[in-house]
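A short write-up of the structure that comes next.
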Amino acid sequence: MDQNMQTLKDWIDASSNIVFFGGAGVSTESGIPDFRSVDGLYNQQWKYPPETILSHSFFESDPEEYYRFHREKLVVEGVKPNRAHLRLAELEKEGKLKAVVTQNIDGLHQAAGSKNVLELHGSILRAYCSSCGTPYPADRMNHGTGVPHCDKCGGIIRPDIVLYEEPLNEKILYAAVDAIRSADVLIVGGTSLNVYPAAGLINYYRGHKLALVNLSATPYDSRADLIIHEKIGTVFAQV
């Protein structure tokens, strides 16, 4: 084990107030494509960029095309939690990890056993009517063809995710701020820290044990107390 990995392990072993803040890189090892990778969502079959399709205004103006993209690119079948998800759940069970703050919408942290998961961007595993708010099983939205409609009012069923042009859920955002602000150790993993307002949450950390685990550099590297350029699953398999 190299020195940086050992340092992170020592921080984890000595702490009972850890918060993990993660992004798409946490789930790529489970087979879910990185949202921003060229090999992922940027595909020639789409007439519009993913950011356009995944916007509130586009969903309302062209739900048919939205759902074609949604089922093709956002719904990934048969995925399972990887070592990072599983180890984080173990740390929570051990009383060390207080919260997982995630930008992912795949529900893999909960599938691994984590309880206190703050989903900044919602979940693809939940759906509701955009008109009357009636909740629906995700299967109603994630499978089939065409645009799913509400049985009660006829409104369009939509995913419980935060689309572009929509604000984050304030309750979840404030809970994330509180968790990060009070953390002893903050581990940030699998995120480029380029997507706001989520990336700005790191500014609320007041401690001196900020670990950034990411394959590439981030805008916050100069703020970190520890940097590990490695796959997140590889790291958590050792700590």
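The values are calculated or read from the model by the stated rules, or taken from the named source; none is laboratory data. Everything quoted here is computed from the prediction, not taken from an experiment. Note: ideal-geometry Cβ built from the backbone for every residue, glycine included; neighbour counts use all protein chains shown. Keep in mind that these areas ignore ligands, DNA and RNA; they rest on the heavy atoms of the full protein, side chains included. Shrake-Rupley method; radii C 1.70, N 1.55, O 1.52, S 1.80 Å.
General observations
- When Rg and the Kirkwood radius Rh are both evaluated on Cα atoms of region 103-239, their ratio Rg/Rh stands at 1.05.
- Value of relative contact order over the chain, rounded to a whole percent, pairs C-alpha under 8 Å and six or more apart: 25 percent
- Surface per residue (accessible, 1.4 Å probe) for region 62-121, Å²: 42 Å²
- The modelled label-to-label distance for the pair Asp225/Lys80, using points 7 Å beyond Cα in the direction of Cβ, is 3.6 nm.
- Sum of -39500 (n - 2.57) over DSSP H runs of 4+, divided by residues of the chain (222 nm, nearest 500): -7500 deg cm²/dmol
- Of the GluC sites (Glu not before Pro) in region 84-151, the ones in a loop by DSSP (not H, G, I, E or B) with at most 12 other beta carbons within 10 Å are Glu94.
- With the highest mean first, a sort of the peptides 73-85, 20-32, 143-155, 46-58 on other beta-carbon atoms found within 10 angstrom per residue produces 20-32, 73-85, 46-58, 143-155.
- Exposure of Glu165 as accessible area (Å², to 10), given a probe of 1.4 Å and all protein chains: 130 Å²
- Relative contact order, whole percent, for region 63-142 stands at 25, derived from Cα pairs under 8 Å and 6 or more residues apart.
- When the inverse distances between all different Cα atoms of region 102-146 are averaged and flipped, the Kirkwood radius reads 11.8 angstrom.
- Once the Cα gyration tensor of region 72-136 is diagonalised, semi-axes √(5λ) in Å: 25, 15, 9
- The alpha carbon gyration tensor of region 162-234 gives principal lengths a ≥ b ≥ c with a/c of 1.5 or higher and a/b no greater than b/c, which makes the shape oblate.
- Normalised convex hull volume, region 1-159, alpha-carbon set, Å³ per residue: 130 Å³
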